[in-house]
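Quick note: the coordinates plus some simple rules give every number you see, no bench work behind them. Since the model is a prediction, treat every value here as computed from it, not as a measurement. Every residue, glycine as well, gets a Cβ built from its backbone with ideal geometry; the counts of neighbours run over all protein chains shown.
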């Protein structure tokens, strides 16, 4: 405490206060810029999911691995519902408030390929009863999503609930070839009546240069805060060290006895 006490003298309080204000302000401003960077990237990802729909075949083939370019892409799906194969995916978000409930999924046999695409028709609150599954031919717009990467095992393969929307698990319920992903129906499309809108699990990645200026501003503010903290630390260290001791004066080279500047002794007379 004796080393630090000189820096705690009242005359140094303004230095500590200024350093606290500068470091705190720099940290908050940097965090604000980082949040702006994240928000703009998220907004761009959402905008990509609102692009004009394209035919399913142009985004994802029946035997293709799920491409990154198809993530969140709106596509037009034509085919026939498979109402008897309807199931739910539990612990999923949806509705206007993003609450937890279940997705209602009815597969569609796609026209022209004969392969099956699971379609999330919408969301129902926990404990809610989904409406009757549609039947017959359908044309709808939905957003593509890859198979859920979750490794959660289905605790009861005989019921109509799944812990995740994984293509291998759906394959045990549908006797047909499956696409490598699934689709989430856009609100207002056929089959979505009386259901809440399901929330997309994965959004397309925005450009790496999106809002990069905000990210650089955040780094700049944090570097400034570190510099202010360093200057404060140097000040505290110098104050704690105290004033420098005066250096000893060097002895005169012509005076080995160390009496530099003294007059030579006058010899006494005879």
Notebook entry, point to check: For region 51-185, rounded, prolate or oblate, judged on the Cα gyration tensor with a ≥ b ≥ c (square roots of eigenvalues), a/c < 1.5 rounded, else prolate if a/b > b/c?
Noted result: rounded
Notebook entry, point to check: For 84, 169, 97, what's the fewest-to-most ordering of other Cβ within 10 Å of each Cβ?
Noted result: 97, 84, 169
Next item on the list: Once you have the Cα-Cα distance between residue 52 and residue 151, take 0.36 nm times their residue separation minus that, and quote the gain in nm to one decimal.
Entry: 32.3 nm
Margin query: For the pair residue 235/residue 20, report the inter-label distance in nm, with labels modelled 7 Å from Cα in the Cβ direction.
Written below: 1.3 nm
Item checked: Pairwise FRET efficiency - residue 216 versus residue 78, Cβ, R0 = 41 Å, nearest 0.05 -> 0.30
Check: Roughly how many nanometres apart are two label points built 7 Å out from the Cα toward the Cβ at residue 28 and residue 69?
Finding: 4.7 nm
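What is the packing order of peptides 116-129, 133-146, taking the mean over residues of other C-beta atoms within 10 Å and listing the highest first?
Peptide ranking by packing, descending: 116-129, 133-146.
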Checklist line | Ranked list, fewest to most other Cβ atoms within 10 Å of each Cβ, for 25, 69 | finding: 69, 25
